[in-house]
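Novice: What follows is a single structure, and I will ask about it in a moment.
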């Protein structure tokens, strides 16, 4: 009798744990690899001296998935762009860069992930707009 109740209690705890893990926003087991990539990139574009101001998407159309977000950072464009290259440089390569804009691209399994970054000076640093587009090559 005690063994059966112990088994039920352990089973219930295990099911509750699985439910909680599956319901957390970060653990999107059901999300597509592209949506998971967007969430990962978004989190890696917000520096410790910054904050996420707004976000939209992801939005899927017939040939692409798009998302955008805006970040406030205490750094200027040059410092932020260098930091971002260090954050994403292992996977994404810079295809264009100016004083206020940068484009990074990652090729994966016939798809192209593009991140367009636009920085503008703000009273307390920089406001950065990021646009992510996933599309077939």
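No value in this document is a laboratory result; all are computed from the given coordinates. Just so it is clear, the structure is predicted and the values come from calculations on it, not from any experiment. Virtual Cβ from ideal backbone geometry, glycine too; neighbours counted across all protein chains shown.
Novice: Take the Cβ-Cβ distance between residue 76 and residue 109 as r, set R0 to 30 Å, and report the resulting FRET efficiency rounded to the nearest 0.05. Write out the running numbers ahead of the final one.
Specialist: Numbers: r = 36 Å, r/R0 = 1.20.
Rounded to the nearest 0.05, the efficiency is 0.25.
Novice: If you don't mind, there's one more thing I want to ask. Can you give me the three principal axis dimensions of region 32-136 from its C-alpha atoms, in Å, biggest first?
Specialist: The Cα atoms of region 32-136 stretch 40, 24, 20 Å along their principal axes.
Novice: Another question, if that's okay. Under a point spin-label approximation (7 Å from Cα along Cα-to-Cβ), what is the residue 40-residue 61 distance to one decimal in nm?
Specialist: Output for this residue pair reads 2.6 nm.
Novice: Can I ask one more? If I take R0 = 35 Å and measure r between the Cβ atoms of residue 48 and residue 137 in this structure, what FRET efficiency does the formula 1/(1 + (r/R0)^6) give, to the nearest 0.05?
Specialist: Numbers: r = 34 Å, r/R0 = 0.98.
Efficiency at R0 = 35 Å is approximately 0.55.
Novice: I would also like to ask the following. Using alpha-carbon pairs under 8 Å, 6+ residues apart, how would you state the relative contact order of region 32-136 in percent?
Specialist: Numbers: 195 pairs, mean separation 28.1, N = 105.
Relative contact order here is 27 percent.
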